[in-house]
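No lab work stands behind these numbers, since they all come straight from the coordinates. In this text, all values refer to a predicted model and were calculated from it rather than measured experimentally. Neighbour counts run over all protein chains shown; Cβ positions are idealised from the backbone, glycine included.
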Amino acid sequence: MPPPIHFHETGKCEPPFESAGGHFNPGKKAHGVLDLGGSHAGDLPNVVVPAGGKLEFELFVPGLTLAAGPSSVLDADGTALVIHAKADDYRTQPAGDSGDRIACGVIPR
């Protein structure tokens, strides 16, 4: 199953990465693209990593910005990009039943 990538609300990556907080959700929406209310800004798709182990991709995330404001990933405490262990089912609250956090990277302010 391909793991998901999610933006998390705090730019901290101390194992087991709970320090990254919950999903980045400035609009206070439910989780998952299959939720009728729409997904929150931190929801990103599941990814399939090729056998060689190197993944390159581009994302357009309309609910996030680099500019100042409530939807900025460059806020005072930064933001984290987290990879989870299991595929996101795109509907289970609050994180798509995506399992443990297995990798984390900080997007600093």
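Results, tabulated for the structure shown:
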| quantity | calculated |
| --- | --- |
| Odd one out for Val48 among (1) within 19 Å of Lys28 (Cα to Cα); (2) touching a residue at least 40 places away in the same chain (Cβ under 8 Å); (3) not aromatic (Phe, Trp, Tyr) | (1) |
| Test: Pro26 is surrounded by 12 or more Cβ atoms within 10 Å (Cβ to Cβ), in a loop (DSSP other than H, G, I, E, B) and of a type outside the set (Gly, Ala, Ser) | yes |
| Among the candidates Gly27, Gly53, Gly37, residue that is under 17 Å from Ala103 (Cβ atoms) and out of contact with any helix residue (DSSP H, G or I) (no Cβ under 8 Å at 6 or more places or on another chain) | Gly53 |
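One line per residue, one yes/no per condition, for (1) in contact (Cβ under 8 Å) with a residue 24 or more places away in the chain; (2) of a type in the set (Gly, Ala, Ser):
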{"site": "Phe57", "(1), (2)": "no, no"}
{"site": "Gly78", "(1), (2)": "yes, yes"}
{"site": "Val82", "(1), (2)": "yes, no"}
{"site": "Ala85", "(1), (2)": "yes, yes"}
{"site": "Arg101", "(1), (2)": "yes, no"}
{"site": "Pro108", "(1), (2)": "yes, no"}
